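The values are calculated or read from the model by the stated rules, or taken from the named source; none is laboratory data. Please read these numbers as outputs of a predicted model, since none were measured by experiment. We place every Cβ from the backbone using ideal geometry, glycine too, and count neighbours over all the protein chains shown.
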Amino acid sequence: MKKPNILVICSDQHHAKMSGYAGHPVVKTPNLDRLAAEGTAFENAYCNSPVCTPSRMSFITGKYVHQIGSWFMGIPLDAKEMTWPRRLKNAGIPATMLGKMDFCGAYQSGGFSDYKIIERRQAWDTYPRNTPFEDRLSNFVRKDKLEHILHAGVRQDRVTDGADGHNDALGFYDHDRHITDWAVNYLREKNGKSEPWALYVGLLYPHWPYCVPKEYFDRYYPDVDLPKDARFPNPDLHPEVRHFQDCMGFRDMTEERLRRVIAAYYGMITCLDDNIGRILNELNAQGLADDTYVIYTTDHGEALGTHGLFYKQTAYEGSVGVPLLMKGPGIPAGKRAQTPVSLVDMYPTVLDMAGLEAEADRPGHSWLPIAKGMQPGAPDVFSEYHGNFFRQDWYMLRNARYKYVHYENCRPSLFDLETDPDELFDLALKEDDETRQLLQKFRAALAEIVDTKAVSTRAKRDLGLIGPDGEDYTKTLTAGMLQEGRRQGRFPPEPGYVPDFSSFTGEY
């Protein structure tokens, strides 16, 4: 029997519920709908850290973020960390990467046999940092974040090489067009070849900038559904989440501006779906579909105005939840799996597809037994965040009903997702015995996974947020005080993001 091929398609910033197959009443995704009909949809899937690089470094290694020290963007993965493409390559299955994976700095292959990318993520020149990571201090405001929303709409009608996607006038349309072309050509070259292969396709839509070709924007504008609890500012947010909202500088958020950014985002999802359709159609055209496992997911979600928030970074469903579809040999068609899972499971799943076993130190569980109806005794789903716009690190646990969020040095949050799927009522504010027992149970379960105090201290130290005398700058320093400290010479200037690929000459 021929060994199966493996195709992983990963988008960027796709809200878990914003697809046709997920029941969204507006967004059109016929190709993802077809993939769901032919395979299994996981309806409670999560990333392990809701920001690009940490999420991807987690699912490529099968380890939690705190196990590999991938706290934020710009932090390179240790090239000696085992990855699932390297495991496949070592087993004689070549694995190719096309598009975004988000390795930082000189080490870009990540264990893949071959790769082609357009955008390279730069690495901090100095790591650990010498100067406090300003984005995690009080009173910091990232002014361009509001600008992305104010500029939302139709992209400039210009053909590019795809390398300038962060431009608010252009977005990632051309990036994804090129990557899809590469993937289609790759599949054409596999026609008639019997050796198994693995292909990872990294697309960037629907990541901001919120701009899309006019034909996609016009499909949705102005008749879009407005977000729930869209208050700017939102006084009912947890104090740390309110700090996140303040850092974004969100203001003057009129209904018209909300409609434009939502229409652009919906349009990007449909454009993404068209590119996925091209890849799946080529898989069928080359006679490869029957022998190929297909996984579709994204690295994190998008708040899109809900709770008065945009982007990712929070533990709310819109940010930390991800779509997850899987089809292939032996996977039931049209199934909806309710078991909570996370992207750290991708490592053992891909190896399971290839007939290999994951190492014992990987915390994840293969999705194949879940899809086939054999429910594993998996622990609660775990996610964590140590990056920008939050002064304090947070850690999340999700079981079949509840979501618990621990904020270091601050009160927790608790949501009943069964009765409150929109996360409007924070049960941690209640004073009753039942809630106290639930919180105690979750605290104990979290302690089995991670020492939050030790990890938070390590993350802050790596990000320059712990002073030489042990001072925690997230508690004592503001962004203005940091600027003054730089002028006075207290904090040395940080070299910043300067890519240097000259020092890396080979594969580990």
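A few points about this structure:
- Residue in the range 132-141 that is more than 24 Å from the chain's Cα centre (by Cα), assigned to a loop (DSSP other than H, G, I, E, B), crowded, with 16+ Cβ neighbours inside 10 Å and on the phi < 0 side of the Ramachandran plot present: yes
- Filtered by the rule that a residue be under 25 Å from the mean Cα position of the chain (by Cα) and either among the acidic types (Asp, Glu) or not in a helix (DSSP H, G or I) (or both), the range 249-278 gives Gly249, Phe250, Asp273, Asp274.
- Candidate set from the range 1-17 (those that are closer than 30 Å to Gly92 by Cβ and not aliphatic (A, V, I, L, M)); member that is modelled with the lowest pLDDT: Lys2
- Of the residues making up the range 151-174, those that are in a helix (DSSP H, G or I) and touching a Lys or Arg at 6+ places or on another chain (Cβ under 8 Å) number 1.
- Residue check, Val8 surrounded by 21 or more Cβ atoms within 10 Å (Cβ to Cβ), β-branched (Val, Ile, Thr) and closer than 23 Å to Ile370 by Cα: yes
- Filter result for Val201 (surrounded by 22 or more Cβ atoms within 10 Å (Cβ to Cβ), touching a Gly at 6+ places or on another chain (Cβ under 8 Å) and in a strand (DSSP E or B)): yes
- One residue from Lys372, Lys327 being over 18 Å from the mean Cα position of the chain (by Cα), surrounded by fewer than 21 Cβ atoms within 10 Å (Cβ to Cβ) and among the charged types (D, E, K, R): Lys372
- Test for Pro76: is it under 20 Å from the mean Cα position of the chain (by Cα), under 24 Å from Leu356 (Cβ atoms) and crowded, with 19+ Cβ neighbours inside 10 Å: no
- Subset of the range 174-198 (residues that are over 16 Å from Ile117 (Cα atoms) and either of a type in the set (D, E, K, R) or surrounded by fewer than 18 Cβ atoms within 10 Å (Cβ to Cβ) (or both)): Arg188, Glu189, Lys190, Asn191, Gly192, Lys193, Ser194, Glu195
- Just one of the listed residues (Thr254, Thr292) is without any contact (Cβ under 8 Å) to a residue 12 or more places away in the chain and out of contact with any Asp or Glu (no Cβ under 7 Å at 6 or more places or on another chain), namely Thr254.
- When Gly165, Gly171 are checked against the criterion of being touching a residue at least 40 places away in the same chain (Cβ under 8 Å) and either in contact with a helix residue (DSSP H, G or I) (Cβ under 7 Å, 6 or more places away or on another chain) or among the polar types (S, T, N, Q) (or both), a single residue qualifies: Gly165.
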